[in-house]
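The values are calculated or read from the model by the stated rules, or taken from the named source; none is laboratory data. Computed from a predicted model, the values in this text were never measured in an experiment. Quick reminder, even Gly has a Cβ in these numbers, built from the backbone with ideal geometry, and neighbours come from all protein chains shown.
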Amino acid sequence: GNSVTQMEGPVTLSEEAFLTINCTYTATGYPSLFWYVQYPGEGLQLLLKATKADDKGSNKGFEATYRKETTSFHLEKGSVQVSDSAVYFCALTRNSGNTPLVFGKGTRLSVIA
Amino acid sequence: GAVVSQHPSWVICKSGTSVKIECRSLDFQATTMFWYRQFPKQSLMLMATSNEGSKATYEQGVEKDKFLINHASLTLSTLTVTSAHPEDSSFYICSARASFSTTGRTNTEAFFGQGTRLTVV
């Protein structure tokens, strides 16, 4: 079955540090890959996505590249801010039809000034 | 993007009572909605798939008689937690997928409600 393995947290970084959150997946076929962010007390917001191999998703300074050869979709940001403190979820879904998302366990990021 | 509205955002209820959570797609029609549950500091676990006009499909281990799902229209799905107990306290989130076309391609994206924090006392 489909699954997502995500780097365990929590992760604590100083402001302006480099961020990497690892994500690998297991899936049949060619899934779409996503990163969602959840701020305290809120629902999930789509951060970025990639729908095919070698695609790079980017948003708000965050990037992730769909690597089929390593089945990975690692999230990176060159310089984090305090406002980036949140929980980040890696997820996948089949491209076709009304299929639900499969989520990783989430990684809590805390950025300190 | 599309908007999914979930209500209420939080609710406190007594043990033994029932609580209804609404999930609405505001600017698109959703034949399918998904209900997830999130325990503190854990990931989202799919509870059930809600299908308009038919019975919901529940994931293994989810009690269908306890978590009643109704999807009576293309824009509304409801989750009712019946005879709630403290162990039902959790964060419940609904999701719907919307399709939209840009430059000749059709993309489908999942949109999430704001979530409902249920506390059973």
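For the stretch B:41-71, what are the residues that are of a type in the set (A, V, I, L, M), within 16 Å of B:SER95 (Cα to Cα) and surrounded by fewer than 17 Cβ atoms within 10 Å (Cβ to Cβ)?
B:MET45
Check whether at least one residue in the stretch A:19-26 is more than 11 Å from chain B (Cβ to nearest Cβ) and more than 14 Å from the chain's Cα centre (by Cα), and report yes or no. Even if it seems obvious, please write down each step before you answer.
Kept after step one, since they are more than 11 Å from chain B (Cβ to nearest Cβ), are these residues of the stretch A:19-26: A:19-26.
This time we only want the ones that are more than 14 Å from the chain's Cα centre (by Cα), so: A:26.
Taking every residue of the stretch A:19-26 in turn, at least one turns out to be more than 11 Å from chain B (Cβ to nearest Cβ) and more than 14 Å from the chain's Cα centre (by Cα).
State the number of residues belonging to the stretch A:51-70 that are crowded, with 19+ Cβ neighbours inside 10 Å and not in a strand (DSSP E or B). Before the answer, list the steps.
Initial filter on the stretch A:51-70 (crowded, with 19+ Cβ neighbours inside 10 Å): A:57, A:62, A:64, A:66.
Retained after the next criterion (residues that are not in a strand (DSSP E or B)): A:66.
Number of matching residues: 1.
Of the residues A:LEU33, A:LEU48, which is more than 11 Å from chain B (Cβ to nearest Cβ), more than 21 Å from B:LEU46 (Cβ to Cβ) and in a strand (DSSP E or B)? Explain how you work it out, then say what you get.
Working: A:LEU33 fails: more than 21 Å from B:LEU46 (Cβ to Cβ).
Result: A:LEU48 is the single residue among A:LEU33, A:LEU48 that is more than 11 Å from chain B (Cβ to nearest Cβ), more than 21 Å from B:LEU46 (Cβ to Cβ) and in a strand (DSSP E or B).
Exactly one condition in (1) surrounded by fewer than 20 Cβ atoms within 10 Å (Cβ to Cβ); (2) part of a strand (DSSP E or B); (3) more than 14 Å from chain B (Cβ to nearest Cβ); (4) in contact (Cβ under 8 Å) with a residue 12 or more places away in the chain is not met by A:ARG108; state its number.
If we test A:ARG108 against (1) surrounded by fewer than 20 Cβ atoms within 10 Å (Cβ to Cβ); (2) part of a strand (DSSP E or B); (3) more than 14 Å from chain B (Cβ to nearest Cβ); (4) in contact (Cβ under 8 Å) with a residue 12 or more places away in the chain, just (3) comes out false.
In the stretch B:76-96, which residues are in contact with a Leu (Cβ under 9 Å, 6 or more places away or on another chain) and not aromatic (Phe, Trp, Tyr)? Step through it out loud before you land on a result.
We begin by selecting, within the stretch B:76-96, every residue in contact with a Leu (Cβ under 9 Å, 6 or more places away or on another chain); these are B:78-82, B:84, B:88-95.
Of everything in the stretch B:76-96, those that are in contact with a Leu (Cβ under 9 Å, 6 or more places away or on another chain) and not aromatic (Phe, Trp, Tyr) turn out to be B:THR78, B:LEU79, B:THR80, B:VAL81, B:THR82, B:ALA84, B:ASP88, B:SER89, B:SER90, B:ILE93, B:CYS94, B:SER95.
Pick from the stretch B:41-64 the residues that are within 12 Å of chain A (Cβ to nearest Cβ) and among the polar types (S, T, N, Q): which of them is nearest to A:TRP35 (Cα to Cα)?
Looking at residues that are within 12 Å of chain A (Cβ to nearest Cβ) and among the polar types (S, T, N, Q), I get B:SER43.
What number goes with the only condition from (1) among the polar types (S, T, N, Q); (2) in contact with a strand residue (DSSP E or B) (Cβ under 8 Å, 6 or more places away or on another chain); (3) on the phi < 0 side of the Ramachandran plot that A:THR71 does not pass?
Unmet for A:THR71, out of (1) among the polar types (S, T, N, Q); (2) in contact with a strand residue (DSSP E or B) (Cβ under 8 Å, 6 or more places away or on another chain); (3) on the phi < 0 side of the Ramachandran plot: (3).
Test A:GLU16 against the criterion of being of a type outside the set (A, V, I, L, M, F, W, C), without any contact (Cβ under 8 Å) to a residue 40 or more places away in the chain, more than 14 Å from chain B (Cβ to nearest Cβ) and in a loop (DSSP other than H, G, I, E, B), and give yes or no.
Working: of a type outside the set (A, V, I, L, M, F, W, C): yes; without any contact (Cβ under 8 Å) to a residue 40 or more places away in the chain: no; more than 14 Å from chain B (Cβ to nearest Cβ): yes; in a loop (DSSP other than H, G, I, E, B): yes.
Against the criterion (of a type outside the set (A, V, I, L, M, F, W, C), without any contact (Cβ under 8 Å) to a residue 40 or more places away in the chain, more than 14 Å from chain B (Cβ to nearest Cβ) and in a loop (DSSP other than H, G, I, E, B)), A:GLU16 does not qualify.
Would you please name the residue that is surrounded by the fewest Cβ atoms within 10 Å (Cβ to Cβ), looking only at residues in the stretch B:1-40 that are part of a loop (DSSP other than H, G, I, E, B) and either charged (D, E, K, R) or within 10 Å of another protein chain (Cβ to nearest Cβ) (or both)? Walk me through it before giving the result.
Taking the stretch B:1-40 and keeping what is part of a loop (DSSP other than H, G, I, E, B), we get B:1-3, B:8-9, B:14-18, B:26-31, B:39-40.
Next, from what is left, pick out any that are either charged (D, E, K, R) or within 10 Å of another protein chain (Cβ to nearest Cβ) (or both): B:1, B:9, B:14, B:27, B:30-31.
Numbers: B:GLY1: 10, B:SER9: 14, B:LYS14: 8, B:ASP27: 11, B:ALA30: 26, B:THR31: 15.
Result: B:LYS14.
I'd like to check something: does the stretch A:71-88 contain any residue that is assigned to a strand (DSSP E or B), within 14 Å of chain B (Cβ to nearest Cβ), in contact (Cβ under 8 Å) with a residue 24 or more places away in the chain and hydrophobic (A, V, I, L, M, F, W, C)?
Within the stretch A:71-88, the subset assigned to a strand (DSSP E or B) is A:72, A:75-77, A:86-88.
Remaining after also requiring within 14 Å of chain B (Cβ to nearest Cβ): A:86-88.
Add one more test, that the residue is in contact (Cβ under 8 Å) with a residue 24 or more places away in the chain, and what stays is A:86-88.
Now narrow it down to the ones that are hydrophobic (A, V, I, L, M, F, W, C): A:86-87.
So far as the stretch A:71-88 goes, yes, one or more of its residues are assigned to a strand (DSSP E or B), within 14 Å of chain B (Cβ to nearest Cβ), in contact (Cβ under 8 Å) with a residue 24 or more places away in the chain and hydrophobic (A, V, I, L, M, F, W, C).
Tell me, which residue of the stretch A:1-35 that is under 20 Å from A:GLY78 (Cβ atoms), surrounded by 14 or more Cβ atoms within 10 Å (Cβ to Cβ) and of a type in the set (Gly, Ala, Ser) is modelled with the lowest pLDDT?
The first filter runs over the stretch A:1-35 and keeps only residues under 20 Å from A:GLY78 (Cβ atoms), leaving A:7, A:9, A:11-23, A:35.
Going one step further and asking which of them are surrounded by 14 or more Cβ atoms within 10 Å (Cβ to Cβ), we end up with A:7, A:9, A:11, A:13, A:17, A:19, A:21-23, A:35.
Within this subset, residues satisfying the condition of being of a type in the set (Gly, Ala, Ser) are A:9, A:17.
On the way: A:GLY9: 85, A:ALA17: 97.
In this case the residue turns out to be A:GLY9.
Identify all residues within the stretch B:77-96 that are assigned to a strand (DSSP E or B) and surrounded by 17 or more Cβ atoms within 10 Å (Cβ to Cβ); write none if there are none. Before you say what the answer is, go through the steps one by one.
Residues of the stretch B:77-96 assigned to a strand (DSSP E or B): B:77-81, B:90-96.
B:SER77, B:THR78, B:LEU79, B:VAL81, B:SER90, B:PHE91, B:TYR92, B:ILE93, B:CYS94, B:SER95, B:ALA96 - these are the residues of the stretch B:77-96 that are assigned to a strand (DSSP E or B) and surrounded by 17 or more Cβ atoms within 10 Å (Cβ to Cβ).
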